[in-house]
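A.B. asks: Before anything else, here's the structure in question.
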Amino acid sequence: MIPQSQTFAAVGFIAEDGKTARTKLQRFLARIDLKPVEMQSARIPSYTHFTRPWRRIAGCDVYLVGDAAAQVKVTTVGGLVTGLRGAKAAANAILGQGGYLKELRSLQRELSLHLLIRSALNRFQSADYDRLLDLLNEKMINLLGVHNRDHAARILCRIILAQPRLLSLAGILSRGIWQSSARQSQCAQPSVE
(Lines give C-alpha, C1' and ligand atoms only; values in the text may rest on other atoms or scores of the structure.)
Protein backbone atom coordinates (compact mmCIF):
# COMPACT_ATOMS: atom_id res chain seq x y z
CA MET A 1 0.00 0.00 0.00
CA ILE A 2 1.37 3.41 -1.03
CA PRO A 3 -0.30 6.37 0.70
CA GLN A 4 -1.30 9.18 -1.69
CA SER A 5 -2.73 11.46 1.00
CA GLN A 6 -4.36 11.20 4.43
CA THR A 7 -7.47 9.63 2.86
CA PHE A 8 -6.26 7.87 -0.33
CA ALA A 9 -3.76 5.10 -1.05
CA ALA A 10 -2.82 2.90 -3.96
CA VAL A 11 -3.07 -0.76 -3.00
CA GLY A 12 -1.28 -3.42 -5.02
CA PHE A 13 -2.18 -7.07 -4.99
CA ILE A 14 -0.45 -9.87 -6.88
CA ALA A 15 -2.12 -13.20 -7.53
CA GLU A 16 -1.02 -16.14 -9.62
CA ASP A 17 -4.63 -16.96 -10.51
CA GLY A 18 -6.14 -13.97 -12.27
CA LYS A 19 -9.65 -15.39 -12.04
CA THR A 20 -9.73 -15.07 -8.25
CA ALA A 21 -7.58 -11.94 -7.87
CA ARG A 22 -10.44 -9.41 -7.85
CA THR A 23 -12.41 -11.33 -5.22
CA LYS A 24 -9.32 -11.69 -3.02
CA LEU A 25 -8.49 -8.00 -3.37
CA GLN A 26 -12.05 -6.98 -2.47
CA ARG A 27 -11.97 -9.28 0.56
CA PHE A 28 -8.61 -7.81 1.64
CA LEU A 29 -9.85 -4.23 1.24
CA ALA A 30 -13.00 -5.00 3.25
CA ARG A 31 -10.93 -6.60 6.01
CA ILE A 32 -8.82 -3.44 6.44
CA ASP A 33 -11.88 -1.21 5.94
CA LEU A 34 -10.87 0.43 2.64
CA LYS A 35 -13.26 1.21 -0.20
CA PRO A 36 -11.90 1.16 -3.77
CA VAL A 37 -12.28 4.28 -5.91
CA GLU A 38 -10.96 2.51 -9.00
CA MET A 39 -9.75 -1.00 -9.83
CA GLN A 40 -7.07 -1.78 -12.42
CA SER A 41 -5.48 -5.02 -13.42
CA ALA A 42 -2.67 -6.19 -15.66
CA ARG A 43 -0.73 -9.32 -16.43
CA ILE A 44 2.82 -9.28 -15.16
CA PRO A 45 5.42 -11.57 -16.72
CA SER A 46 7.18 -13.96 -14.39
CA TYR A 47 10.87 -14.76 -14.80
CA THR A 48 11.90 -18.41 -14.87
CA HIS A 49 15.33 -19.96 -15.33
CA PHE A 50 14.21 -21.07 -18.78
CA THR A 51 13.28 -17.62 -20.07
CA ARG A 52 15.03 -17.19 -23.43
CA PRO A 53 14.68 -13.58 -24.59
CA TRP A 54 16.17 -13.94 -28.06
CA ARG A 55 15.55 -15.87 -31.24
CA ARG A 56 17.03 -16.07 -34.69
CA ILE A 57 14.20 -15.55 -37.17
CA ALA A 58 14.67 -15.47 -40.94
CA GLY A 59 18.41 -15.00 -40.48
CA CYS A 60 18.02 -12.07 -38.09
CA ASP A 61 18.65 -11.88 -34.36
CA VAL A 62 15.59 -10.74 -32.41
CA TYR A 63 16.13 -9.55 -28.83
CA LEU A 64 13.38 -9.04 -26.28
CA VAL A 65 13.92 -6.84 -23.23
CA GLY A 66 11.98 -5.74 -20.16
CA ASP A 67 8.52 -7.21 -19.63
CA ALA A 68 8.61 -8.89 -23.06
CA ALA A 69 11.66 -10.85 -21.89
CA ALA A 70 10.22 -11.47 -18.38
CA GLN A 71 13.11 -9.45 -16.93
CA VAL A 72 11.03 -8.76 -13.83
CA LYS A 73 12.03 -9.46 -10.22
CA VAL A 74 9.52 -11.96 -8.86
CA THR A 75 10.09 -10.67 -5.31
CA THR A 76 8.99 -7.08 -5.94
CA VAL A 77 7.48 -7.37 -9.44
CA GLY A 78 9.76 -4.47 -10.37
CA GLY A 79 11.24 -4.49 -13.81
CA LEU A 80 12.45 -1.02 -14.74
CA VAL A 81 16.10 -1.46 -13.75
CA THR A 82 16.27 -5.09 -14.86
CA GLY A 83 14.63 -4.17 -18.17
CA LEU A 84 17.22 -1.44 -18.72
CA ARG A 85 19.98 -3.94 -17.96
CA GLY A 86 18.46 -6.28 -20.55
CA ALA A 87 18.26 -3.41 -23.05
CA LYS A 88 21.92 -2.60 -22.46
CA ALA A 89 22.85 -6.25 -23.08
CA ALA A 90 20.82 -6.27 -26.31
CA ALA A 91 22.37 -2.96 -27.46
CA ASN A 92 25.90 -4.23 -26.76
CA ALA A 93 25.16 -7.43 -28.68
CA ILE A 94 23.77 -5.47 -31.65
CA LEU A 95 26.82 -3.18 -31.64
CA GLY A 96 29.09 -6.22 -31.56
CA GLN A 97 30.51 -5.31 -28.16
CA GLY A 98 29.72 -8.68 -26.61
CA GLY A 99 27.61 -11.76 -26.98
CA TYR A 100 24.06 -11.41 -25.75
CA LEU A 101 24.26 -14.49 -23.54
CA LYS A 102 27.46 -13.28 -21.92
CA GLU A 103 25.97 -9.82 -21.40
CA LEU A 104 22.85 -11.33 -19.77
CA ARG A 105 24.65 -13.60 -17.29
CA SER A 106 24.79 -11.18 -14.37
CA LEU A 107 21.16 -10.13 -14.94
CA GLN A 108 20.04 -13.77 -15.06
CA ARG A 109 21.95 -14.51 -11.84
CA GLU A 110 20.19 -11.58 -10.15
CA LEU A 111 16.76 -12.64 -11.43
CA SER A 112 17.46 -16.24 -10.39
CA LEU A 113 18.33 -15.09 -6.87
CA HIS A 114 15.00 -13.24 -6.69
CA LEU A 115 13.29 -16.41 -7.95
CA LEU A 116 14.97 -18.39 -5.16
CA ILE A 117 13.90 -15.83 -2.55
CA ARG A 118 10.32 -15.86 -3.93
CA SER A 119 10.32 -19.67 -3.83
CA ALA A 120 11.28 -19.58 -0.14
CA LEU A 121 8.76 -16.85 0.70
CA ASN A 122 6.02 -18.88 -0.99
CA ARG A 123 6.63 -21.58 1.61
CA PHE A 124 6.41 -19.22 4.59
CA GLN A 125 3.60 -19.72 7.06
CA SER A 126 2.28 -16.86 9.21
CA ALA A 127 4.62 -17.90 12.04
CA ASP A 128 7.62 -17.68 9.68
CA TYR A 129 6.71 -14.11 8.72
CA ASP A 130 6.31 -13.27 12.41
CA ARG A 131 9.75 -14.74 13.10
CA LEU A 132 11.25 -12.79 10.19
CA LEU A 133 9.79 -9.53 11.51
CA ASP A 134 11.01 -10.36 15.03
CA LEU A 135 14.53 -10.79 13.63
CA LEU A 136 14.58 -7.30 12.13
CA ASN A 137 17.18 -5.24 13.92
CA GLU A 138 18.49 -1.72 13.48
CA LYS A 139 21.43 -2.80 11.28
CA MET A 140 19.13 -4.69 8.91
CA ILE A 141 16.66 -1.81 8.72
CA ASN A 142 19.50 0.59 7.91
CA LEU A 143 20.85 -1.72 5.20
CA LEU A 144 17.42 -2.11 3.62
CA GLY A 145 16.94 1.66 3.78
CA VAL A 146 20.24 2.40 2.04
CA HIS A 147 20.34 -0.38 -0.58
CA ASN A 148 17.64 -1.05 -3.16
CA ARG A 149 16.41 -4.49 -4.15
CA ASP A 150 17.77 -4.27 -7.70
CA HIS A 151 21.05 -5.86 -6.59
CA ALA A 152 19.95 -8.37 -3.96
CA ALA A 153 23.17 -10.35 -4.26
CA ARG A 154 25.13 -7.31 -3.07
CA ILE A 155 23.18 -6.90 0.16
CA LEU A 156 22.20 -10.47 1.03
CA CYS A 157 25.50 -11.28 2.77
CA ARG A 158 25.49 -7.92 4.55
CA ILE A 159 21.99 -8.60 5.86
CA ILE A 160 22.99 -12.04 7.14
CA LEU A 161 26.07 -10.54 8.82
CA ALA A 162 23.85 -7.88 10.38
CA GLN A 163 21.47 -10.54 11.71
CA PRO A 164 23.03 -14.05 11.77
CA ARG A 165 19.85 -15.48 13.33
CA LEU A 166 18.27 -15.19 9.87
CA LEU A 167 20.05 -18.47 9.18
CA SER A 168 17.41 -20.09 11.41
CA LEU A 169 15.11 -19.71 8.38
CA ALA A 170 17.53 -21.72 6.22
CA GLY A 171 15.31 -24.80 6.35
CA ILE A 172 12.55 -22.96 4.51
CA LEU A 173 15.08 -21.65 1.99
CA SER A 174 16.48 -25.13 1.38
CA ARG A 175 12.96 -26.48 0.76
CA GLY A 176 12.50 -23.61 -1.69
CA ILE A 177 15.74 -24.52 -3.47
CA TRP A 178 14.81 -28.20 -3.63
CA GLN A 179 11.28 -27.56 -4.90
CA SER A 180 12.51 -24.92 -7.36
CA SER A 181 15.12 -27.38 -8.69
CA ALA A 182 12.54 -30.16 -8.95
CA ARG A 183 10.19 -27.87 -10.89
CA GLN A 184 13.03 -26.87 -13.23
CA SER A 185 13.99 -30.47 -13.95
CA GLN A 186 10.34 -31.29 -14.69
CA CYS A 187 10.20 -28.36 -17.13
CA ALA A 188 13.45 -29.50 -18.75
CA GLN A 189 12.20 -33.06 -19.33
CA PRO A 190 11.24 -33.67 -22.94
CA SER A 191 7.63 -34.70 -23.32
CA VAL A 192 6.98 -38.05 -24.95
CA GLU A 193 3.62 -38.59 -26.63
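A.B. asks: Starting from residues that are surrounded by fewer than 16 Cβ atoms within 10 Å (Cβ to Cβ) and of a type in the set (S, T, Y), keep the ones in the stretch 113-142 and report whichever is nearest to L166 (Cα to Cα).
C.D. replies: Among residues in the stretch 113-142 that are surrounded by fewer than 16 Cβ atoms within 10 Å (Cβ to Cβ) and of a type in the set (S, T, Y), the one nearest to L166 (Cα to Cα) is Y129.
A.B. asks: Any residue that is modelled with pLDDT of 90 or more and within 13 Å of the chain's Cα centre (by Cα) - is there at least one of those in the stretch 12-35?
C.D. replies: no
A.B. asks: Picking from T48, T82, T75, which residue would you name as being touching a residue at least 24 places away in the same chain (Cβ under 8 Å), surrounded by 11 or more Cβ atoms within 10 Å (Cβ to Cβ), outside the structural domain of A153 (by TED's automatic domain parsing) and within 30 Å of L156 (Cα to Cα)?
C.D. replies: T48
A.B. asks: Find the residue count for the stretch 58-115, including only residues that are of a type in the set (A, V, I, L, M) and assigned to a helix (DSSP H, G or I).
C.D. replies: Final tally of qualifying residues: 17.
The values are calculated or read from the model by the stated rules, or taken from the named source; none is laboratory data. Given the structure is predicted, the values throughout are model-derived calculations rather than measurements. Every residue, glycine among them, receives a Cβ derived from its backbone with ideal geometry; neighbour counts consider all protein chains shown.
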